[in-house]
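Here the structure comes first, spelled out in structure tokens, and everything after it is commentary.
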Amino acid sequence: MKLYKKEGNIVQILSFPNENVEKGDYLLIEDADAGKALIAQVIDVQFANIPGILEELLRGLPDGGELIQGEDFDPLEIAPHITYIQDASLLICKIRATVENESLSPSSSWLPSRSQSIIRKLPIPMLLKLARVDGKLPIQLGGTKDSSPLTIDASALDGRLNIITGKKETGKSHLSKLLISNLVGYKATVIVFDLNGEYLSLGMTADGKRNAYYDKIHVLTPSQNFRVALKQVNLHVLLDILIHALHLPGTSAREFRRIWQSLKERDMLNMHELGEAIRNWHCNQHVKDALFSRYYALVNSGFFTDNVAEATLLEECLFKAKEHGGAIIINLRNTSMIDRQIVVEYLLGKLVELLTSWKLKAVFLFAEEAHLYLRETYWDDIVTRMRHFGIFTTFITNQPDTIRENIYRQADNIFLFNFTNEHDLEVVSRAARVDAETMKSIAKDLPPHHCLVLGKVVKDFPMVAKVRALDIKTMGETRLFFTDTN
Amino acid sequence: METALPQRLIQLSMNSLKNVQNQNFQLIQQNLQATQFLQPIPLKPRKEPAIIAAVDTSSIKIGETSTGILIAIRGANIWKQNRHYRYIRLGPFILHITEENKKEVYNSLQNALNPSSENHQNPPNLQQMPTRLASLLERWLQKMLSKTLNNGIILFDGSLTSGTPDTPTKTMKEILETARKKENTVLAFSKMTNLRLNGHIITEILPTHKPPYMLEAVGLRAKPPIVLFGDVYVAKLSNGNYAFRLDIDKEIPLPQKIEAVEKLLGNDLLAQGYPETLRLAHILCTFTANEVIAMQHFITRKCGVKIINRPDMHRLLFGVFGKGEANS
């Protein structure tokens, strides 16, 4: 390999066919005289612009559909040299760091010698060592292209905002499960908004047996084993549900507040009494109708109960998870959009309440396709306010444009699976932690189950890894029409 | 005798390259060129099958060493049969030519071509060596083709003029005699000519006549030692502004000459009035920049020569007005 050009933080390297370098690989450009080396990542592989190549190709053009048949008497065997030159490639590389005295700095301000520099592939384990991608809480994500393991540290997810994105069936949920199971293994509290019931069997092996996490996985299905009593709900949480999920107008919300206060003073906070109170409340008929319609929405959701004994499971699970680690899977499958919003509003409110009062230390929240249940104002809340309370969110989506730009800008880690759509890549490339060229170029060519890991978990050295297999029962498979009936 | 030439070339190539080991050589570039006169004869394409074959060679200087030059030569025979083109390409042969070995290299090749020849030419100067060695290879390929082909049309690049250092009279005579014995007709196309009529280049003063046709140039007298082995025509074989000097073996009767050109029209493509077979022969043996780099790579690897770029004094002194030394 030979250093050809450097423009800004892009270097172009001439590579020959036997050198076998691919997109995503890291190269070390060592200048022994300068005592420094550049670490550069290949973001694109192009044909080198060889003089006379067009003539060479034109000469070999078919004669009426077939190549001109002939015999070459090439006694000096020059042909392999011609092929060697023709197949030379130009590696477009992004400079990631400078190594000097075994320490890394992000500088790319110096120019290595073009004639004297030695360029070689930098094995990922060596890069991980140099970048000090290690820690006490390892999570083995999978293997890199050179078959070395890629291990991140769970603490790099702690207090961070993460995004897992990629098109359908590329392995996003699989990676989420891997992260969740490892976090649970390190006694973390994890909450999953499970839209398609994919995480329900996180505690089971592929052959249906209990795995090591079985006792730590708690599945809560709204209106079945996950219900709440009005007494457990703070007024502001219920108002949030009424205003944001059920679109209750401001005037009606004020009346509702009075009704609530009245019931609370009489220690009669339950659904039955709430219905009676609205019926007997002296107010404008339109307000009353508005309140009634929302009341019935709450009743019909089945999420609210007057039996306090039925409504203790969430807190029980959270406290159990606090002690031993655990994942609380909120099964939102078969739940209507309004009901999903009610559940999520309640849960987030409850979490903030428990975290504010230090009943919980922190939780890792995994939110699949959050745009389907998260109200607009929550996005900013999650990356700012809730983060300070100790809710560390991981968004999982195959529609990257449903996540706001400011979320990408503030994301600490991105796990990017294959995207072919330019628009999708454009959206993700707004992330502050990596340049757009790297993301667009590498993500397009990622095979299934391979992800480009960006951000703090890899100390800002983008790496491609094949996510390792998990012995977990697969759920959430798409129901098909043309299935074998035998 | 005939098959000895490639073997001799390989031997020469390897021997000459041995001398270049551990010498530095400088990269330079260069180009090649060619030469000549009139009653309108209308032509009709003859569709009866005939083999059309062509020969061309190419040479290039790929660098300089402290003692000489590194050159490459290559030749191609191409023929069209049953609507398909086939080829045999020889080379590239890379040679290191120095003042010391040029005579040996040149004479060895001449001997391989024509061992019975008594009056061997003196070797040319180093600058002329690439084209002269390519000419030797070209004559040998022409000889091979005229010997192996039966009842075909053989296309040469250039003219049938001999008595020049490039084309000894004896060699040309032998080639044409062999071709005649095998009932082949040799047609030589010149892309450029210096032949003039009333002060005008012959290919530029064409009568208004519907192509394809050819015009005979009469009254041409060559001064010794130049010998014209062909009758000279201007051929305009397709619509457009392209006409070429065409030399046809003098010893062939006129009807056979016309028949040969008509068979060419009926059996080969003639885009811009130039036979495709001859065009392909040229294309196949021409060196591309890519190949030059590959040969330099080969020499560096095989002979351990470290390539250095000698500063181009023209560029250095005249900047953008300097065309480069190869073009000076």
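The values are calculated or read from the model by the stated rules, or taken from the named source; none is laboratory data. This one's a predicted model, so the numbers in the text were calculated from it and none came from an experiment. Positions of Cβ are generated from backbone atoms using ideal geometry, with glycine treated the same way; all protein chains shown enter the neighbour counts.
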Next item on the list: Answer yes if at least one residue in region A:398-405 is on the phi < 0 side of the Ramachandran plot, at pLDDT 80 or above and in a strand (DSSP E or B), and no otherwise.
Entry: no
Checklist line | Residues (of a type outside the set (A, V, I, L, M) and over 30 Å from residue A:136 (Cβ atoms)) located in region A:424-472 | finding: A:424, A:426, A:429, A:430, A:435, A:437, A:440, A:441, A:444, A:445, A:447, A:448
Margin query: I need a count of the residues in region A:340-364 that are of a type in the set (A, V, I, L, M, F, W, C) and part of a loop (DSSP other than H, G, I, E, B).
Written below: 3
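Based on this model, can you work out whether residue A:9 counts as within 23 Å of residue A:458 (Cα to Cα), modelled with pLDDT under 90 and not assigned by TED's automatic domain parsing to the domain that holds residue A:446? Explain how you work it out, then say what you get.
Working: within 23 Å of residue A:458 (Cα to Cα): yes; modelled with pLDDT under 90: yes; not assigned by TED's automatic domain parsing to the domain that holds residue A:446: yes.
In short, yes.
Being in contact with a Ser or Thr (Cβ under 8 Å, 6 or more places away or on another chain) and surrounded by 18 or more Cβ atoms within 10 Å (Cβ to Cβ) is the filter; apply it to region A:212-237 and report the residue that is nearest to residue A:264 (Cα to Cα).
So in region A:212-237, the residues in contact with a Ser or Thr (Cβ under 8 Å, 6 or more places away or on another chain) come out as A:213, A:222-223, A:227-229.
Then keep just the ones that are surrounded by 18 or more Cβ atoms within 10 Å (Cβ to Cβ); that gives A:213, A:222, A:227-229.
On the way: A:213: 41, A:222: 25, A:227: 20, A:228: 16, A:229: 13 Å.
Taking the candidates together, the pick is A:229.
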Margin query: Looking at (1) in contact with a helix residue (DSSP H, G or I) (Cβ under 9 Å, 6 or more places away or on another chain); (2) surrounded by 22 or more Cβ atoms within 10 Å (Cβ to Cβ), which one does residue B:130 not meet, given that it meets all the others?
Written below: (1)
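Condition check ((1) assigned to a strand (DSSP E or B); (2) within 11 Å of chain B (Cβ to nearest Cβ); (3) over 24 Å from residue B:292 (Cα atoms)) across all residues:
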{"site": "A:27", "(1), (2), (3)": "yes, no, yes"}
{"site": "A:37", "(1), (2), (3)": "yes, no, yes"}
{"site": "A:46", "(1), (2), (3)": "yes, no, no"}
{"site": "A:50", "(1), (2), (3)": "no, yes, no"}
{"site": "A:55", "(1), (2), (3)": "no, yes, no"}
{"site": "A:81", "(1), (2), (3)": "no, yes, no"}
Item checked: Residues within region A:321-339 that are surrounded by fewer than 18 Cβ atoms within 10 Å (Cβ to Cβ), assigned to a helix (DSSP H, G or I) and in contact with a helix residue (DSSP H, G or I) (Cβ under 8 Å, 6 or more places away or on another chain), tallied -> 3
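To keep it simple, each residue is scored yes or no on (1) of a type in the set (D, E, K, R); (2) at pLDDT below 90.
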| site | (1), (2) |
| --- | --- |
| A:249 | no, no |
| A:252 | no, no |
| A:257 | yes, no |
| A:275 | no, no |
| A:283 | no, yes |
| A:293 | no, no |
| A:298 | no, no |
Item checked: Failed item, numbered, when residue A:205 is tested on (1) surrounded by fewer than 23 Cβ atoms within 10 Å (Cβ to Cβ); (2) of a type outside the set (Lys, Arg); (3) under 26 Å from residue A:424 (Cα atoms) -> (3)
Notebook entry, point to check: Which ones in region A:72-89 are buried (at least 18 other Cβ atoms within 10 Å of the Cβ), aliphatic (A, V, I, L, M) and under 21 Å from residue A:53 (Cβ atoms)?
Noted result: A:78, A:82, A:85, A:88
Next item on the list: Go over the candidates A:330, A:396, A:342, A:407 one by one and state the one that is of a type in the set (Val, Ile, Thr), over 30 Å from residue A:224 (Cα atoms) and in contact with a Phe, Trp or Tyr (Cβ under 8 Å, 6 or more places away or on another chain).
Entry: A:407
Item checked: strands (runs of 3 or more DSSP E) contained in region A:85-175 and holding at least 1 residues aliphatic (A, V, I, L, M) and more than 25 Å from residue A:383 (Cα to Cα) -> A:89-100, A:103-105, A:118-121, A:149-153
Check: Which residues, taken from region B:259-304, are within 14 Å of another protein chain (Cβ to nearest Cβ), within 30 Å of residue B:243 (Cβ to Cβ) and not aliphatic (A, V, I, L, M)?
Finding: B:268, B:276, B:277, B:279, B:282, B:285, B:286, B:287, B:288
Item checked: Unmet criterion (only one of (1) over 22 Å from residue B:77 (Cβ atoms); (2) buried (at least 22 other Cβ atoms within 10 Å of the Cβ); (3) under 20 Å from the mean Cα position of the chain (by Cα)) for residue B:236 -> (3)
